[in-house]
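Encoded as structure tokens, the structure appears first; notes follow it.
The values are calculated or read from the model by the stated rules, or taken from the named source; none is laboratory data. The structure presented is a predicted model; accordingly, all values stated were derived computationally and were not measured. Virtual Cβ from ideal backbone geometry, glycine too; neighbours counted across all protein chains shown. Only protein heavy atoms, including side chains, enter the accessible area calculation; ligands, DNA and RNA are left aside. Shrake-Rupley method; radii C 1.70, N 1.55, O 1.52, S 1.80 Å.
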Amino acid sequence: MTDHNASNEMWGGRFASGPAAVMEAINASIDFDKTLYAQDIRGSIAHSEMLAKQGIISAEDQRAIAEGLRTIQGEIEAGTFAFSRQLEDIHMNVESRLATLIGPAAGRLHTARSRNDQVAVDFRLWVKDELQRFDHALQGLINAFLGRADEHAATVMPGFTHLQTAQPVTFGHHCMAYVEMFGRDLSRVRDARARLDESPLGAAALAGTGFPIDRHMTAHALGFREPTRNSIDSVSDRDFALEFLSLAAICATHLSRLAEEIVIWSTPQFGFIRLSDAFSTGSSIMPQKKNPDAAELTRAKTGRINGHLIALLTVMKGLPLAYSKDMQEDKEAVFDAAETLDLMIAAMTGMVSDMAIQKEAMARAAGSGYSTATDLADWLVRALGLPFREAHHVTGRAVALAESRKVGLDALTLADLQAIHPGITDAVFDVLTVENSVASRTSFGGTAPDQVRKQIAYWRERLQAV
């Protein structure tokens, strides 16, 4: 005789009722795929309309199905729908409720389709909608940067390599670097949306169907460009989910780099920006502190999105064609990544718009570290015809002299510079100030204020064109 208590202990407290409870817990997806309810109902209505048009079901049954599905959507949105884990997923939950509402006609809805193509179309619709939301969100972030760039097209700051002062730039130019980065993210969002714009509905389990369906009709009804062209690939493809996670991970990386700079810039040691209380917190014991928590959390959440990408790549890497239940693991990763990225973009858009730029601190730092040394070398090449390597050597001697006196390059006298190279004239002082250095960088895409303003105008026109 089996000891019931011993059996329960084997399965553990969470699954005390034995293997049936384990199977229900591992097999059911309703806890998360109920997120797809609107897409599932939308796809089912389109499918029913096509079935009726093709004479596969009656018009009367189709009207009952559509009315029942809209009632179910209302129940879900009102919070009165009773989801059941025993029914496994959103598809069976909706179908079961539909049968209760309209009777046997509900059973005709699943003609010429499978849960395999049903979930594929639901998930594509959801990702497509999310990509559209991220399109708008990224445009908002880009516009926030364009506003700050316009405001600070001539505000000087140090440009860094290796986090060491390199050459003076403008804060507007620095902002426009992020416009380029997030502009690429925006293009990836649009590319991904165009690539997934094919409807798998009608592929059925994996081989298509013998019913005379019209897949072009359902594709167009659901807003897809066209139906997918291979029924096996239709149900086994999750490239659209992987691409969504890939572009999310790249965008999150850009947001994290921005967050890191905000953390650095807001320290007393840099003091380039001040954050308002809206995006920072105080210390529990140190009243003088203002912590950039929103930026730090944005930086941290990047790892979460990266993890989701690796997780789904790992799920998909060994799957034979066509459908495998492993693919049920795709949704939680995408849902959470979307919610996380949405929050990150909103936080950084708010911080970019909100932060107060400390122009004086930026200007002081822009002249530190002999940031105009390259300008001196360039002047020696242009004005005296020196080979760049010789100009580099002369400049190095000038920097060493200034460093020994603890002054800037522009504080050296003409006699000091002529002692290093007799050909130097007082015209050299035109390039040794930070402002003149920045103004001289007039090459296309350079940091000169006029160039910055040209790029701002270009991006504003580009955004308006879409």
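List of remarks:
- A search for C-beta distances below 8 Å between a residue of the range 115-128 that is closer than 12 Å to Ala203 by Cβ and any residue that is of a type in the set (Val, Ile, Thr), counting only pairs 6+ apart in sequence or on different chains, returns Asn116/Val235; Asp117/Val235; Ala120/Val235.
- Output for the range 205-242, where each listed residue is closer than 18 Å to Ile45 by Cα, among the small types (Gly, Ala, Ser) and open to solvent by 10 Å² or more (accessible area, probe 1.4 Å): Ala221, Gly223
- Selection status of His47, of a type outside the set (Val, Ile, Thr), in contact (Cβ under 8 Å) with a residue 60 or more places away in the chain and closer than 30 Å to Leu255 by Cα: no
- Only residues that are touching a residue at least 24 places away in the same chain (Cβ under 8 Å) and under 23 Å from Glu198 (Cα atoms) were counted across the range 50-85, and they come to 4.
- Failed condition for Thr35, given (1) surrounded by fewer than 21 Cβ atoms within 10 Å (Cβ to Cβ); (2) over 35 Å from the mean Cα position of the chain (by Cα): (2)
- On inspection, Val399 fails the criterion of being out of contact with any strand residue (DSSP E or B) (no Cβ under 8 Å at 6 or more places or on another chain), assigned to a loop (DSSP other than H, G, I, E, B) and either modelled with pLDDT under 95 or surrounded by 17 or more Cβ atoms within 10 Å (Cβ to Cβ) (or both).
- Residues of the range 263-295 satisfying the condition of being modelled with pLDDT of 85 or more, buried (at least 16 other Cβ atoms within 10 Å of the Cβ) and within 22 Å of Met344 (Cβ to Cβ): Val263, Ile264, Trp265, Ser266, Phe272, Ile273, Leu275, Pro292, Ala294, Ala295
- Yes/no for Glu461 being of a type in the set (D, E, K, R), more than 30 Å from Trp265 (Cα to Cα) and part of a helix (DSSP H, G or I): yes
- Within the range 333-345, the set of residues being open to solvent by 60 Å² or more (accessible area, probe 1.4 Å) and either of a type outside the set (Asp, Glu) or touching a Ser or Thr at 6+ places or on another chain (Cβ under 9 Å) (or both) comprises Leu343 only.
- Considering the range 348-396, the residues that are in contact (Cβ under 8 Å) with a residue 40 or more places away in the chain and acidic (Asp, Glu) include one that is most open to solvent (accessible area, probe 1.4 Å), namely Asp354.
- Selection count where residues are hydroxyl-bearing (Ser, Thr, Tyr) and surrounded by fewer than 19 Cβ atoms within 10 Å (Cβ to Cβ), scope the range 243-260: 2
- Test result for Lys317, out of contact with any Lys or Arg (no Cβ under 9 Å at 6 or more places or on another chain), modelled with pLDDT of 90 or more, open to solvent by less than 80 Å² (accessible area, probe 1.4 Å) and more than 25 Å from Met157 (Cβ to Cβ): no
- Within the range 421-464, being over 19 Å from His174 (Cα atoms), hydrophobic (A, V, I, L, M, F, W, C) and open to solvent by 90 Å² or more (accessible area, probe 1.4 Å) holds for no residue.
- The residues of the range 143-154 that are surrounded by 23 or more Cβ atoms within 10 Å (Cβ to Cβ) and either of a type in the set (Val, Ile, Thr) or over 16 Å from Val438 (Cα atoms) (or both) amount to a single one, Phe145.
- Options Val169, Val189: the member that is hydrophobic (A, V, I, L, M, F, W, C), in contact with a helix residue (DSSP H, G or I) (Cβ under 8 Å, 6 or more places away or on another chain) and in a helix (DSSP H, G or I): Val189
- For the range 412-452, a residue qualifies if it is free of Cβ contacts under 8 Å to residues at least 60 places away in the same chain, hydroxyl-bearing (Ser, Thr, Tyr) and more than 16 Å from Ala398 (Cα to Cα), and the qualifying residues are Thr442, Ser443.
- Lys34 touching an Asp or Glu at 6+ places or on another chain (Cβ under 8 Å) and of a type in the set (Lys, Arg): no
Per-residue answers, yes or no, for (1) over 21 Å from Gln167 (Cβ atoms); (2) at pLDDT below 90:
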{"residue": "Ala415", "(1), (2)": "yes, no"}
{"residue": "Ala419", "(1), (2)": "yes, no"}
{"residue": "Val428", "(1), (2)": "no, yes"}
{"residue": "Thr433", "(1), (2)": "no, yes"}
{"residue": "Ser437", "(1), (2)": "no, yes"}
{"residue": "Phe444", "(1), (2)": "no, no"}
{"residue": "Arg453", "(1), (2)": "no, no"}
{"residue": "Tyr458", "(1), (2)": "yes, no"}
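- Yes/no for Ala383 being among the small types (Gly, Ala, Ser), within 28 Å of the chain's Cα centre (by Cα) and either modelled with pLDDT of 95 or more or assigned to a helix (DSSP H, G or I) (or both): no
- Lone unmet requirement of (1) surrounded by 21 or more Cβ atoms within 10 Å (Cβ to Cβ); (2) more than 13 Å from the chain's Cα centre (by Cα); (3) modelled with pLDDT of 95 or more for Pro168: (3)
- Test result for Ile72, in contact with a Lys or Arg (Cβ under 8 Å, 6 or more places away or on another chain), modelled with pLDDT of 95 or more, surrounded by 19 or more Cβ atoms within 10 Å (Cβ to Cβ) and closer than 21 Å to Ala203 by Cβ: no
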